């Protein structure tokens, strides 16, 4: 390849050149993270581009047709895009795909005509385009390629020449964007695109495909920045989603995103769009978006928590749980607890438990939706992403989750922990809580208190095993209707129970599985029976702390609070709505008390 001119490129050539550019980005993650100051100084542009690239590489194979390969790359990019720069890069690839009409191979002239058209796609994707960013560098490179289409026929020669234009355009970003000038850096996203083209050019000019394939097969980890920043974060959540079958145009969806925050980007086609926005209210945003299309994927990064991990860690031990852990947000924030959300699905619309759907919204939709919701567990990759980020900054990680007898989430956490612990040489301790909801919340809270007190790790780990045996939850269920709809109780049993007005009391046994421990014929009798159980337990083992839970049943929650305050002489740790991931089966009207003994 070194001495040969390149006059046409087919799908396989596109694949290998993309591989070369992608691998170069993976190698430059740290550099890109360090220079990231716009639109948010969160030092993650390199990580986001690398994650986008890795998602594409994991999901594509070469095809002889340029059109087919370009389409596969574009689809994978839209699905895997992360961050502002990742979504813009995905839109660039999508533009190439859309403008390529059934071509096995392209001449340089045809390529130039396609590239110049992609510029419109990337500018239209961004709600407020800013010059001096990735947008500018892509535009000026595309214009240069297009201006030479009648002069050159050899890709190799033109790509080499275009590097000077890219480097000049990149340096000029400092003069076009004030924040870059103040920080004395070029735009990180723009640098990422330059690095990508440099990788492609290097393959065309100097290296063979066999060498590239061997190198690219080596798994390069996603690198999280060690850089620190104390900049004020305007909006807390970096929010992204895939939305299919949109019933609103680009400008309409951009207008919605702009009402909720900034850094709005909309990439993709009318059939499927990738959105990106920084906002404080992701749940309210998606509650509105559900009326305009089908939400098939969501990702929300807490930028304040990410910033705290880097710059304001209170302790050197990270604490991780899942969204079935019912604790108030102020406690989660105070102890810097990392919470991974379950997926909650209403038909084809997907949400993130407590992040893009609040308990209030969930319970409103539970009765109004024609489709009964389902949940799906947290996958291993989500744990890998979180653990790799935490392992970059903490000395150790403690992760405790919903009972393994009720969900496979703990197993996924365990697999990811083994992988990341070896990679970073950091201990990650995973625990099956054998419990859920407020009882899991009490375990997490007690671990947080121990970390805060400076308890020795060896003592803490032994204590956790002991605390797990001391947690209980008693759930007063108002109706079995939701158990029947969710398939947990058969329709005949549900019919008979409703006919007899039976109100069950549900708990979790020592094996971490749900069990029926009593039943009455009214919820008031049900609550009284729970009180007797709790009173007996307190006489045997004094209650250390408790949490009260409910599903749109503040009256029932208040009864429990008054009773527990009188019994223990303590205020509740939290009074919260039951997590949607749990409330699917417990249903509206449920009230519960969870406790941990001394």
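The values are calculated or read from the model by the stated rules, or taken from the named source; none is laboratory data. Since the model is a prediction, treat every value here as computed from it, not as a measurement. Glycine also receives a Cβ, built like all others from the backbone with ideal geometry; neighbour counts cover every protein chain displayed.
Tabulated results
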| read-out | value |
| --- | --- |
| Inter-residue pairs, beta-carbon under 6 Å, first in contact (Cβ under 8 Å) with a residue 60 or more places away in the chain and assigned by TED's automatic domain parsing to the domain that holds residue 63 and in the stretch 13-35, second surrounded by fewer than 23 Cβ atoms within 10 Å (Cβ to Cβ) and outside any helix (DSSP H, G or I), 6+ apart | 26/220; 29/223; 30/223; 34/227; 35/185 |
| The stretch 316-351: number of residues that are assigned to a strand (DSSP E or B) and modelled with pLDDT under 95 | 7 |
| Residues within the stretch 513-522 that are closer than 24 Å to residue 440 by Cβ and either crowded, with 17+ Cβ neighbours inside 10 Å or touching a residue at least 12 places away in the same chain (Cβ under 8 Å) (or both), tallied | 5 |
| Residues located in the stretch 42-62, provided they are under 27 Å from residue 128 (Cα atoms) and part of a loop (DSSP other than H, G, I, E, B) | 42, 43, 44 |
| Contacts under 6 angstrom Cβ, first residue in the stretch 498-512 being in a loop (DSSP other than H, G, I, E, B), partner at pLDDT 80 or above and exposed (fewer than 13 other Cβ atoms within 10 Å of the Cβ), 6 or more apart | 509/515 |
| Yes/no for residue 191 being at pLDDT below 95, assigned to a helix (DSSP H, G or I), closer than 27 Å to residue 268 by Cβ and touching a helix residue (DSSP H, G or I) at 6+ places or on another chain (Cβ under 8 Å) | yes |
| Helices (runs of 4 or more DSSP H) contained in the stretch 63-176 and holding at least 2 residues surrounded by fewer than 17 Cβ atoms within 10 Å (Cβ to Cβ) and in contact with a helix residue (DSSP H, G or I) (Cβ under 8 Å, 6 or more places away or on another chain) | 108-125, 155-176 |
| Members of the stretch 420-442 found to be touching a residue at least 40 places away in the same chain (Cβ under 8 Å), in a helix (DSSP H, G or I) and surrounded by fewer than 24 Cβ atoms within 10 Å (Cβ to Cβ), listed by number | 423 |
| Out of 173, 133, 118, sole residue that is assigned by TED's automatic domain parsing to the domain that holds residue 53, free of Cβ contacts under 8 Å to residues at least 60 places away in the same chain and within 30 Å of the chain's Cα centre (by Cα) | 118 |
| Out of 476, 497, sole residue that is modelled with pLDDT under 90, crowded, with 18+ Cβ neighbours inside 10 Å and within 23 Å of residue 354 (Cβ to Cβ) | 476 |
| Extreme residue, farthest from residue 283 (Cα to Cα), among residues of the stretch 352-375 that are part of a helix (DSSP H, G or I) and touching a helix residue (DSSP H, G or I) at 6+ places or on another chain (Cβ under 8 Å) | 366 |
| Residue match in the stretch 282-290 (condition: closer than 21 Å to residue 376 by Cβ, buried (at least 21 other Cβ atoms within 10 Å of the Cβ), more than 16 Å from the chain's Cα centre (by Cα) and touching a residue at least 40 places away in the same chain (Cβ under 8 Å)) | yes |
| Residue satisfying condition, being buried (at least 21 other Cβ atoms within 10 Å of the Cβ) and either touching a residue at least 12 places away in the same chain (Cβ under 8 Å) or under 30 Å from residue 548 (Cα atoms) (or both), within set 277, 300 | 277 |
| Pick from the stretch 396-419, criterion assigned to a helix (DSSP H, G or I) and out of contact with any strand residue (DSSP E or B) (no Cβ under 6 Å at 6 or more places or on another chain), ranking: farthest from residue 596 (Cα to Cα) | 419 |
